[in-house]
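Undergrad: Here it is, the structure, as structure tokens.
The values are calculated or read from the model by the stated rules, or taken from the named source; none is laboratory data. Since the structure is predicted, the reported quantities are computational estimates derived from the model, not experimental observations. For neighbour counting, all protein chains shown are included, and Cβ atoms are generated from backbone atoms with ideal geometry for every residue, glycine included. Only protein heavy atoms, including side chains, enter the accessible area calculation; ligands, DNA and RNA are left aside. Shrake-Rupley method; radii C 1.70, N 1.55, O 1.52, S 1.80 Å.
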Amino acid sequence: MKVRVDPERCQGHARCYALAPELFEVDDYGLSSALGDGTVPAGSEERARLAIANCPEFAISEVGVEG
Amino acid sequence: MGETTPVEDWAGDFDVLDPGYVADPFARWDDLRERCPIAHSNRRGSTWLPTRYEDVTAMAHDVDHFSSLDISVIPFEGEGPEDPAEAVLPYGVPPISADPPLHTWTRRLLLPWFSHRRVESYEAVTRELCSGLIEGFLEQGRADAAVDYAQQIPVRVIARILGVPAEMADTFTEWVRDVLEFADDPEKRIEGMTGLITYFLAEIERRKVEPGEDLLSELLHSEFEGVPVEESLVLGVAALVLIAGVDTTWSAIGSSLWHLAGHPGDRERLLAEPELMALAVEELLRAYSPVTMARIVTGDVDFGGCPMKAGDKVLMNFPAANRDPAAFERPEEVILDRAVNRHVAFGSGIHRCAGSNLARMELRVALEEWLRRIPVFSLAEAEEVTWAGGQVRGPRLLPVVFR
Ligand code: HEM
Ligand code: SF4
């Protein structure tokens, strides 16, 4: 599983970081990005899905999955 | 002021200051969402009230048609004394009252002060503050959870960040309430705004001589594209931080305690599963979202079948959006560990609350400290809970007992 943050949509609500700090980094201006190349380490899939489902700007997606 | 005729037709003549609506707007929104999802009223100028998540978020993103140049839910009625803000705040209180490009760079001046990293450094003092407040009333076995607790917290944290004395807290609170809560009384509104402006102007002068390491000093010495930021902007941004950070967060803390006082099952669950707190905070923010903002329609536009005219107001009804069954399962229920919760209590789009990290931390810490010291509490019987509404909704009197 791999996740990506769309920088055009992200508005810095930081829900992703709160739910899965091991997967996202949010800079001082609120812009989030997936850590590394976005690959979700084993055991973090559930939290990655939570982050996707709680982003109010629909900015996070699973790479290779429509939606 | 205040003298309202009762509403008969909510779809065509709503009144956001109707006392019944202020105390319990939820069923009203559910009804409107079903039969007239963008209601209208002429009570305070031509104003639209959307209740669907989809509409509210679409409008918040459409900054070309819906401008932030006037964001007050209760308009300033021009009779009597003049609005003191007009002369000294030509740009209002940006970024909240600005559109791009002014919005973009004034917002960037503020954001680093409220990054999640910076906010972590304010947590210990917030916890100490909460615990000290509880010490003050714990022995009495009763307290007003709004007046003695919720109201006391955010103003002191903000004062510290701005670099102004915490002893001023009660005065700040009064000014902010005058501006936001008693906004339909022009005299109060002017009193509050004048107080804020005069105070911050003096503080700015002081910092020119002795700069500190606070937000106000830093704003005063900041630049945009090589040019020092104008003083009227510094004043506006500083006033905004106070106005936006006080009533709002105190209302969220109050509503959350009100919920827990009346729902022992949820209270017990949080005590048994403290790890739920982070999700619970989001759910309480969703269910009892305190803040409604306004927008001004820039040109005639048809939105969702509604003929909106240039100059009309639209109320960004984030609280009702957060109760929309099309966006949330069983929205009327508080589900502490709700797993899918794209709530917009902090807005949506470019004006997303710049203080949201701080607000979340304050709400979480305030609830954690309260539950740690006062695990069992309930509403005081036969005593009244009162609510403020309009721009910011939350309990203002909240008597609880715990012994
Ligand atoms: C639970 C507490 C809070 C809630 C529910 C809340 C809600 C909101 C909302 C809905 C907006 C969007 C305004 C719009 O769309 O026009 C906003 C903006 C803003 N809030 Fe908050 N707020 C809270 C606490 C705070 C705190 C503690 C601060 C402290 C600095 C703050 C500072 C701001 C600022 C500066 C903006 C303007 C952002 C912009 O226009 O770019 N808020 N807030
Ligand atoms: S939750 Fe969404 S909008 Fe917020 S920081 Fe993460 S990606 Fe950005």
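Undergrad: With the condition being within 10 Å of ligand 1 (Cβ to nearest atom) and hydrophobic (A, V, I, L, M, F, W, C), I'd like the helices (runs of 4 or more DSSP H) fully within the range B:85-150 carrying at least 1 qualifying residues.
TA: Output list reads B:102-110, B:116-120.
Undergrad: Follow-up question, since we're still on this one. For the range A:12-44, how many residues meet the condition of being at the interface with another protein chain (Cβ under 10 Å from one of its Cβ atoms) and open to solvent by less than 40 Å² (accessible area, probe 1.4 Å)?
TA: Final tally of qualifying residues: 7.
Undergrad: Restricting to the range A:1-17, name every residue that is in contact with a His (Cβ under 8 Å, 6 or more places away or on another chain) and either within 16 Å of ligand 1 (Cβ to nearest atom) or not aromatic (Phe, Trp, Tyr) (or both).
TA: Hit for the range A:1-17 is A:14, nothing else.
Undergrad: Now, a different point. Within the range B:303-326, restricting attention to residues that are closer than 18 Å to residue B:15 by Cα and part of a strand (DSSP E or B), which residue is farthest from the other protein chains (Cβ to nearest Cβ)?
TA: Step by step, filter the range B:303-326, then rank; the result is B:313.
Undergrad: Among the numbered criteria (1) away from every other protein chain (no Cβ under 14 Å); (2) closer than 21 Å to residue B:258 by Cα; (3) touching a strand residue (DSSP E or B) at 6+ places or on another chain (Cβ under 8 Å), which single criterion is violated by residue B:332?
TA: For residue B:332, the exception is condition (3).
Undergrad: As an exercise: evaluate residue A:55 against (1) facing chain B (nearest Cβ under 9 Å); (2) closer than 21 Å to residue B:118 by Cβ; (3) not polar (S, T, N, Q) and give the number of the one condition it does not meet.
TA: Going through (1) facing chain B (nearest Cβ under 9 Å); (2) closer than 21 Å to residue B:118 by Cβ; (3) not polar (S, T, N, Q) one by one, residue A:55 breaks only (2).
Undergrad: Here's another thing I want to ask about it. Report the residue count in the range A:1-11 for those that are more than 15 Å from residue A:52 (Cβ to Cβ) and facing chain B (nearest Cβ under 10 Å). Break it down stepwise before answering.
TA: Here is the first cut: in the range A:1-11, the ones more than 15 Å from residue A:52 (Cβ to Cβ) are A:7-8, A:11.
If we keep only those that are facing chain B (nearest Cβ under 10 Å) too, we end up with A:11.
Result for the range A:1-11: 1.
Undergrad: Provide a single number: the residues in the range B:275-290 that are aliphatic (A, V, I, L, M), crowded, with 19+ Cβ neighbours inside 10 Å and within 14 Å of another protein chain (Cβ to nearest Cβ).
TA: Final tally of qualifying residues: 4.
Undergrad: Which numbered condition trips up residue B:344, out of (1) within 16 Å of ligand 2 (Cβ to nearest atom); (2) open to solvent by less than 20 Å² (accessible area, probe 1.4 Å); (3) not polar (S, T, N, Q); (4) not in a loop (DSSP other than H, G, I, E, B)?
TA: In the conditions (1) within 16 Å of ligand 2 (Cβ to nearest atom); (2) open to solvent by less than 20 Å² (accessible area, probe 1.4 Å); (3) not polar (S, T, N, Q); (4) not in a loop (DSSP other than H, G, I, E, B), residue B:344 misses (4) alone.
Undergrad: Quick check: anything in the range B:42-49 among the β-branched types (Val, Ile, Thr), closer than 15 Å to residue B:313 by Cβ and modelled with pLDDT of 95 or more?
TA: Yes.
Undergrad: Here is a list of conditions, (1) of a type in the set (Phe, Trp, Tyr); (2) in contact with a Gly (Cβ under 8 Å, 6 or more places away or on another chain); (3) farther than 20 Å from residue B:319 by Cα, and residue B:370 meets all of them except one; can you say which number that is?
TA: Only one criterion is unmet by residue B:370, namely (2).
Undergrad: Quick one: in the range B:341-361, which of the residues that are more than 7 Å from ligand 1 (Cβ to nearest atom) and under 23 Å from residue B:129 (Cα atoms) is nearest to the other protein chains (Cβ to nearest Cβ)?
TA: Filtering first and then ranking leaves B:357.
Undergrad: Residues that are over 20 Å from residue B:345 (Cβ atoms) and in contact with a Leu (Cβ under 9 Å, 6 or more places away or on another chain): which helices (runs of 4 or more DSSP H) entirely in the range B:10-52 hold 1 or more of them?
TA: B:10-13
Undergrad: Among what's in the range A:39-67 and is small (Gly, Ala, Ser) and touching a Leu at 6+ places or on another chain (Cβ under 8 Å), pick the residue that is farthest from ligand 2 (Cβ to nearest atom).
TA: Step by step, filter the range A:39-67, then rank; the result is A:44.
Undergrad: Also, I was wondering about something else. Out of the residues in the range B:304-317 that are open to solvent by less than 10 Å² (accessible area, probe 1.4 Å) and within 16 Å of ligand 1 (Cβ to nearest atom), which is farthest from residue A:54 (Cα to Cα)?
TA: Checked the range B:304-317; the qualifying residue farthest from residue A:54 (Cα to Cα) is B:314.
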